[in-house]
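This report refers to the structure that appears directly beneath it.
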Amino acid sequence: MKLAGQTALVTGANSGIGAGVAKSLGQAGANVVINYVTKPDDAQAIVDEIKGYGVDAIAIQTDVSKENQVQNMFRQAVEHFGTLDILVNNAGLERNAPFHEMTLQQWQFVIDVNLTGQFLCAREAIREFLRRGPRPDVSRATGKIICMSSVHEVIPWAGHVNYASSKGAIKMLMQSLAQEYGDRQIRVNSICPGAIQTPINTAAWNTPQAMNSLLTLIPYNRIGKPEDIGNLAVFLASDDSDYITGASIFIDGGMTVFEGFATGG
Ligand code: NAD
């Protein structure tokens, strides 16, 4: 129970990677705030499952791209749990289009949720960490922020320029925060998943042909699961990673070692 006595808030936690991360944090002993924007029943099901691990969990509906809603969510979370120790900035989406056909709305929507949402939540989390100060009996760090980035932090992605731009920007958001708040013992890191089997990328794995094509990009030859990301999130949230801050950790079955070059390029 590496996270016993701590509280985590996971955005976009009623689906895919966020749900997997929330469950792993709960299994490690953390109380969990399940943020969601649609599908309240899915959020409640995750809450019920996490409560079964013997920790507390609540669901809070909030659009992470809206300042007032984010501030209300953190207020509610702190009212319920007393404070917050861990933020997992996970909520994200895609609105894909060839670049010359991409509308400003498609661009702005992805930037608002994937990037501005992480800014708004990180700012509220850091305000709470600074207000509350260290709790050395609970964790060596005063607070931990985990940003859900992507292999598209470094791999360009045709047809997904808005998404890749949002993830590239998260790298600088994360590293600048790690630099600015390291002396206050706030650790900030990114998880950069490759292909993880979730609703965001159903078309990439839901037929044998699509799956075979996907696997040509993955040296380890399997698609990732939300629990793969959950295990890494527990490590990054716990004191086991106390000397890690400002890092982008790739968890991608080797996607970023470029399988296409395995035969000599
Ligand atoms: P998903 O679609 O299953 O989950 C995304 C979650 O974000 C959902 O719960 C959705 O409701 C929520 N969300 C969307 N807009 C929101 C908003 N405005 N406010 C609050 N929540 C909102 O997809 P996923 O694969 O689990 O994606 C989770 C994160 O992982 C995203 O940031 C995504 O970019 C990243 N990621 C996923 C993969 C992958 O292969 N699945 C790879 C790299 C990175």
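Considering the range 128-159, and only residues there that are without any contact (Cβ under 8 Å) to a residue 40 or more places away in the chain and part of a helix (DSSP H, G or I), the residue that is nearest to the ligand (Cβ to nearest atom) turns out to be 152. Restricting 206, 162, 212 to residues that are in contact (Cβ under 8 Å) with a residue 60 or more places away in the chain and either assigned to a helix (DSSP H, G or I) or out of contact with any Phe, Trp or Tyr (no Cβ under 9 Å at 6 or more places or on another chain) (or both) narrows the list to 162. One residue alone among 120, 93, 115, 84 is at pLDDT 95 or above, part of a loop (DSSP other than H, G, I, E, B) and surrounded by 18 or more Cβ atoms within 10 Å (Cβ to Cβ), and that residue is 84. Residue-level check: of (1) in contact with a helix residue (DSSP H, G or I) (Cβ under 6 Å, 6 or more places away or on another chain); (2) free of Cβ contacts under 8 Å to residues at least 60 places away in the same chain; (3) within 14 Å of the ligand (Cβ to nearest atom), residue 224 misses just (1).
Residues that are out of contact with any strand residue (DSSP E or B) (no Cβ under 7 Å at 6 or more places or on another chain) and either within 23 Å of residue 237 (Cα to Cα) or near the ligand (Cβ under 9 Å from one of its atoms) (or both) within the range 65-90 comprise 65, 66, 69, 70, 71, 74, 75, 78, 79, 82, listed in sequence order. If you go through the range 50-80 and pick out every residue that is assigned to a loop (DSSP other than H, G, I, E, B) and among the charged types (D, E, K, R), you end up with 3. The set of residues in the range 51-64 that are of a type outside the set (Lys, Arg) and away from the ligand (no atom under 15 Å from the Cβ) comprises 52, 53, 54, 55, 56, 57, 58.
Can you tell me which of (1) buried (at least 17 other Cβ atoms within 10 Å of the Cβ); (2) under 20 Å from the mean Cα position of the chain (by Cα) is the one residue 185 doesn't meet? The single condition residue 185 does not satisfy is (2). Would you confirm, using the coordinates I've provided, whether residue 32 is in a strand (DSSP E or B) and in contact with a Cys (Cβ under 9 Å, 6 or more places away or on another chain)? Judged against the criteria, residue 32 is not a match. In the range 165-190, the qualifying residues are those that are of a type in the set (Ser, Thr, Tyr) and part of a helix (DSSP H, G or I), and the one that is nearest to the ligand (Cβ to nearest atom) is 166.
Looking only at the range 10-31, residues that are among the polar types (S, T, N, Q), under 16 Å from the mean Cα position of the chain (by Cα) and more than 12 Å from the ligand (Cβ to nearest atom) come to 1 in all. Mind checking whether some residue in the range 161-179 is within 19 Å of residue 8 (Cβ to Cβ), modelled with pLDDT of 95 or more and more than 15 Å from the chain's Cα centre (by Cα)? Checked the range 161-179: at least one residue is within 19 Å of residue 8 (Cβ to Cβ), modelled with pLDDT of 95 or more and more than 15 Å from the chain's Cα centre (by Cα). Filtered by the rule that a residue be out of contact with any Gly (no Cβ under 8 Å at 6 or more places or on another chain) and within 16 Å of the ligand (Cβ to nearest atom), the range 229-246 gives 231, 232, 233, 236.
With respect to residue 34, determine if the residue is in contact with a strand residue (DSSP E or B) (Cβ under 8 Å, 6 or more places away or on another chain) and either under 19 Å from residue 157 (Cβ atoms) or within 14 Å of the ligand (Cβ to nearest atom) (or both). Yes, satisfied.
The values are calculated or read from the model by the stated rules, or taken from the named source; none is laboratory data. None of these values were measured; they are calculated from a predicted model. Please note: Cβ atoms are built from the backbone with ideal geometry, for glycine as well, and neighbour counts cover all protein chains shown.
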